[in-house]
Amino acid sequence: MMNWLRNFMAGRYGTDHFNRFLFGVALITMLISSFFGGAVLYSISLLVLLYCLFRMFSRNYNKRYRENNRYLTYQNRFLNFFRKGKNTVNQRKRYHIYKCPSCKQKIRVPKGKGRIEITCPKCHMQFIKKS
């Protein structure tokens, strides 16, 4: 039986990150439609599941690979938005972030140094701030 399945899947695309995402979306929409009794939502989940199976059994490697890469770029953009926010929150614990009055360049200064003279690395303007 396993040998038959292995031979059947030879030359086919299989699963990737986008397929796993689609499968998860299909399962979640099926669960929601079962609780709220939505036939439209259930139909959408079946269509997503069929598309997931179509991608899995497809022999067009290049197209499926491009689809997966497009999904991964969107996923990274989405996740980087939250990573950037988390990084900013972590930096605000140790640093003050000021803007240069002339060029609006962001400048990171360590906290707890008292009144210091800050020199902008972009326009070389000097200004005094409390850190």
| request: State which residue is nearest to N69 (Cα to Cα) when the search covers only the stretch 1-19 and only residues that are surrounded by 12 or more Cβ atoms within 10 Å (Cβ to Cβ) and of a type in the set (A, V, I, L, M, F, W, C). | output: F18
| request: Report, by residue number, each residue of the stretch 108-119 that is within 33 Å of the chain's Cα centre (by Cα) and not β-branched (V, I, T). | output: R108, P110, K111
| query | Any chance the stretch 58-69 includes a residue that's loosely packed, with under 12 Cβ neighbours inside 10 Å and touching a residue at least 12 places away in the same chain (Cβ under 8 Å)? | reply | yes
| query | For the stretch 70-113, how many residues meet the condition of being assigned to a loop (DSSP other than H, G, I, E, B) and either in contact (Cβ under 8 Å) with a residue 12 or more places away in the chain or in contact with a Cys (Cβ under 9 Å, 6 or more places away or on another chain) (or both)? | reply | 8
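Coordinate-derived values only; no laboratory data. Computed from a predicted model, the values in this text were never measured in an experiment. Because the Cβ atoms are built from the backbone with ideal geometry, glycine has one as well, and the counts that use them run over all protein chains shown.
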